[in-house]
Amino acid sequence: MFEIKERPKMVERALLVGACMPHETHQEAESLLDELEELAATLEVPVVGRLLVSIREPHARYFVGSGKAEEIAARATELEADVIIFDNELTPGQQRNWEDLTKILVIDRQEVIIDIFARRALTKEARLQVDLARMEYALPRLKHAWAHFGQQAGGIGGKGEGESQIELDRRMVRAQIDRLRKELELVRTRRATQRKDRRKVPVPNAAIVGYTNAGKSSLLKRLTGAQVLVEDKLFATLDTTTRRIVLPNNQPLLLTDTVGFIRKLPHRLVEAFHATLEESVLADFLIHLLDASNPQAAILHRTTNAVLAEMGADEKRTLTVFNKIDLITDKSLLHALRIKFPDAIFISTRTGDGLSDLLNALAGLLDTNLRQATLRIPMSRGDLLAALHRECGIEAFVCENPEPFALVEARIPGRLYEKYRPFVANASHASVQE
């Protein structure tokens, strides 16, 4: 089987290079380079230097001009770097040209992200998704594989590094890609079945979406007590976790934690992680979580919205929530965020501040689709009474004696109203709450 090695494990001194394009401000390009440095730190690759160059348009040979390329190569030699990491995506040809020029390893942002995903993948589903992304990334780079990629091809004999071996590897990679896609399709089928089972007890679902490291897993853990990994690193968790909570209006809600977004997320990862990200598309509404202490919060808000739009989830009802308010020392910054996002909720998962506001806001979202009704339920229908307690907001419960009935004042989700309509005691009590 053909295997791709995680190349950043082989390096110890990294030079980061970013290109500022005409459509970007210098501040935006610097913040992206900051993010690349954090990605490198997540892979435990030490950064010994960073360069930001301005270009009008990408060049075919090195992405940057030849003069700039010579400057970057000289800087890498001066710093004794053993890897150059580009913040911009390089073509396979550009990657080869850079390594011919510098004689050291050259990778780009998307390869770093893929390697981080590979280390973070815990479940079979996540591993399949990462393997697919890595194989699709490696396929056009196989000619380059002899210097940096490992290969195992049983039964071939002592062949050299000729075209026949490369073609064999390509066939093997394409076969693995086909296999991975089929296995992922089975995973999606199982997820659809699990989702269908959840819908049999129609409890509304909210997906927590947002930039990586915004605190999505921390929020899920704080609200539900779920035993999920909480770590101050990019992409600490890749797998979705769904837990049930009961809101202040006694309405149940399913909360789903999703994989974090990032600027310049490789498109192949959006596709490979579709089975995970589709929880956002299929949720009843979204909780868009942001790090209030991040100076780039407004930009990250747009980044997440752009990915959601690409997935077709941008029309969902969305509750914007700013986390980590306890880390803000300059209260004027918090005040500015409140002005810019007047409908947002501000919380701290660490201290618990604002969580009651969040729960009440979630209850308010569900209240817009509730119907108030008085139901007359036979006491023999214990299943129906149990379902009422599980699915609806119970405001009053009175047993009628000596008749074996219970009068129940309930707030019923609109999608469940037909189920309880035969038991409505007084039609005049049933009205849609606006």
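The values are calculated or read from the model by the stated rules, or taken from the named source; none is laboratory data. Because the structure is predicted, anything quoted here is derived from the model rather than measured. No Cβ is skipped: glycine too gets one built from the backbone with ideal geometry, and neighbour counts run over all protein chains shown.
Within the stretch 12-25, residues that are closer than 15 Å to Asp87 by Cβ have Cβ atoms under 6 Å from residues that are of a type in the set (Phe, Trp, Tyr) and crowded, with 19+ Cβ neighbours inside 10 Å in these pairs: Val17/Phe86, counting only partners at least 6 apart in sequence or on another chain. Filtered by the rule that a residue be at pLDDT below 80, surrounded by 15 or more Cβ atoms within 10 Å (Cβ to Cβ) and hydrophobic (A, V, I, L, M, F, W, C), the stretch 138-165 gives Leu142, Ala145, Phe149. Inspect the stretch 238-247 for any residue being modelled with pLDDT of 80 or more, surrounded by 14 or more Cβ atoms within 10 Å (Cβ to Cβ) and among the β-branched types (Val, Ile, Thr) and give the result as yes or no. Checked against the condition, which is being modelled with pLDDT of 80 or more, surrounded by 14 or more Cβ atoms within 10 Å (Cβ to Cβ) and among the β-branched types (Val, Ile, Thr), the stretch 238-247 yields at least one hit.
Sort out which residues of the stretch 31-48 are outside any loop (DSSP other than H, G, I, E, B) and either touching a His at 6+ places or on another chain (Cβ under 7 Å) or within 18 Å of Leu79 (Cβ to Cβ) (or both), and write them in order of number. Explain how you work it out, then say what you get.
First, the residues of the stretch 31-48 that are outside any loop (DSSP other than H, G, I, E, B): 31-42, 47-48.
Listed by number, the residues that qualify are Leu33, Leu36, Glu37, Ala40, Ala41, Val47, Val48.
Scanning the stretch 339-360 for residues that are buried (at least 18 other Cβ atoms within 10 Å of the Cβ) and of a type in the set (Gly, Ala, Ser) returns Ala344, Ser348, Gly354.
Applying the criterion of being buried (at least 16 other Cβ atoms within 10 Å of the Cβ) and among the basic types (Lys, Arg) to the residues of the stretch 305-338, the residue that is farthest from the chain's Cα centre (by Cα) is Lys324.
Take Arg109 and decide whether it is surrounded by 20 or more Cβ atoms within 10 Å (Cβ to Cβ) and not hydrophobic (A, V, I, L, M, F, W, C). So that I can check it myself, show each step before the final result.
Details: surrounded by 20 or more Cβ atoms within 10 Å (Cβ to Cβ): yes; not hydrophobic (A, V, I, L, M, F, W, C): yes.
It is true that Arg109 is surrounded by 20 or more Cβ atoms within 10 Å (Cβ to Cβ) and not hydrophobic (A, V, I, L, M, F, W, C).
Every listed requirement among (1) in contact (Cβ under 8 Å) with a residue 60 or more places away in the chain; (2) in a strand (DSSP E or B) is met by Glu28 save one, (2).
Out of the residues in the stretch 81-106 that are acidic (Asp, Glu) and in contact with an Asp or Glu (Cβ under 7 Å, 6 or more places away or on another chain), which is surrounded by the most Cβ atoms within 10 Å (Cβ to Cβ)? Among those that are acidic (Asp, Glu) and in contact with an Asp or Glu (Cβ under 7 Å, 6 or more places away or on another chain), it is Asp82. As a summary of the residue check, Leu32 satisfies the conditions (1) surrounded by fewer than 19 Cβ atoms within 10 Å (Cβ to Cβ); (2) over 20 Å from Pro140 (Cβ atoms) except for the one numbered (1).
Taking the criterion of being basic (Lys, Arg) and closer than 15 Å to Asn305 by Cβ, the residues of the stretch 316-331 that qualify are Lys316, Arg317. Residues in the stretch 179-237 that are within 30 Å of Tyr417 (Cα to Cα), surrounded by fewer than 17 Cβ atoms within 10 Å (Cβ to Cβ) and polar (S, T, N, Q) were compared, and the one that is modelled with the highest pLDDT is Thr189.
For the criterion of being surrounded by 18 or more Cβ atoms within 10 Å (Cβ to Cβ) and either among the aromatic types (Phe, Trp, Tyr) or at pLDDT 90 or above (or both), Leu43 fails.
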